[in-house]
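Working notes for the structure below.
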Amino acid sequence: MIKIIVAMDKNNLIGSAQGRMGMPWHNAEDLQHFKETTLNQTILMGRKTFELIGKPLPKRKTIIVSKAHDLENLNAEVCHDLETLLKDYEKDQDIYICGGASVYQQTLDLANELIVSYIPGDYTGDAYFPVIKEDRFKCIEEVEKETFILKKYRRIK
Ligand SMILES: NC(=O)c1ccc[n+]([C@@H]2O[C@H](COP(=O)([O-])OP(=O)(O)OC[C@H]3O[C@@H](n4cnc5c(N)ncnc54)[C@H](OP(=O)(O)O)[C@@H]3O)[C@@H](O)[C@H]2O)c1
């Protein structure tokens, strides 16, 4: 299954060039949720998000998408062909798409599941998640966490 995991505000904001590690907020509970969800899983992210994090996250298989062929010594697998790679994950195996904006944009139509943390508050930034269309994704779970709302969506067409 192709699963997107993302944190956004009420306006679909996901990133800020001014923020720590590119994030508009710091939410420890959401970081813990991200860790618990992706631990021992395969995760995929764009080259810019990877550079913002600065290193492969421990105990996860990390795949970085980049058009460049010279990313060496990253301690992570590099993928140059996103669509072909994702074909391997359409059925039995799981992959968690972890951003950023350009990767979410390209994968939303392919994703089976969305795991969305809605962060309350007002923030500024420059990177956005695409609109989640109600005729394409159905909310199947909503959990009120202490500091954010967690929603899971399944693709319906
Ligand atoms: N709130 C959240 O949950 C969350 C999660 C992750 C990221 N973010 C935010 O998202 C922002 C970064 O997003 P972004 O769009 O600027 O960058 P990005 O998606 O992280 O990375 C873009 C790079 O990925 C590579 N890439 C993308 N599509 C590709 C494809 N089809 N084939 C090969 N390579 C491909 C390219 O790398 P090359 O240039 O090397 O070719 C491209 O420059 C930051 O603000 C970050 O904080 C937020």
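Just so you know, all these numbers are worked out from the coordinates, no wet-lab data involved. A quick note: this is a predicted structure, and the numbers were derived from the prediction, not measured. Positions of Cβ are backbone-derived with ideal geometry, glycine not excepted, and every protein chain shown enters the neighbour counts.
With a Förster radius of 22 Å applied to the C-beta separation of residue 28 and residue 128, the computed FRET efficiency comes to 0.40. Sequence-ordered 3J(HN,Hα) estimates for segment 140-157 from the Karplus curve with 6.51, -1.76 and 1.60 and θ = phi - 60° stand at 10, 7, 9, 10, 8, 7, 4, 10, 7, 10, 9, 10, 10, 10, 10, 6, 10, 7 Hz, glycine and proline given as x.
Net charge of the neighbourhood of residue 101, taken over other residues with C-beta under 12 Å away and scored Lys/Arg +1, Asp/Glu -1, is 0. Straightening the chain between residue 141 and residue 81 buys 18.4 nm, computed as 0.36 nm per residue apart minus the Cα-Cα spacing. The stretch between residue 55 and residue 102 holds 14.9 nm of extra length on full extension. This uses 0.36 nm per residue minus the Cα-Cα distance.
Of all lysines in the structure, those lying under 20 Å Cα to Cα from residue 151, and not within fewer than 8 positions of it along the same chain, are 3, 10, 35, 133, 138. If you run the Gaussian network model on the chain, springs between alpha carbon atoms under 10 Å, then out of 146, 113, 29 the most flexible one is 146. From the square roots a ≥ b ≥ c of the eigenvalues of the alpha-carbon gyration tensor of segment 112-157, which class results: rounded (a/c under 1.5), prolate (a/b over b/c), or oblate? Oblate, because a/c is 1.5 or more while a/b does not exceed b/c. The P(r) of segment 2-155 has a tail past 18 Å containing 57 percent of all C-alpha pairs. For residue 7, the amide hydrogen comes within under 5 Å of the amide hydrogens of 117, counting only partners 5 or more places away or on other chains and with H modelled in the peptide plane.
Computed from label points 7 Å out along Cα-Cβ, the spacing between residue 157 and residue 37 is 2.6 nm.
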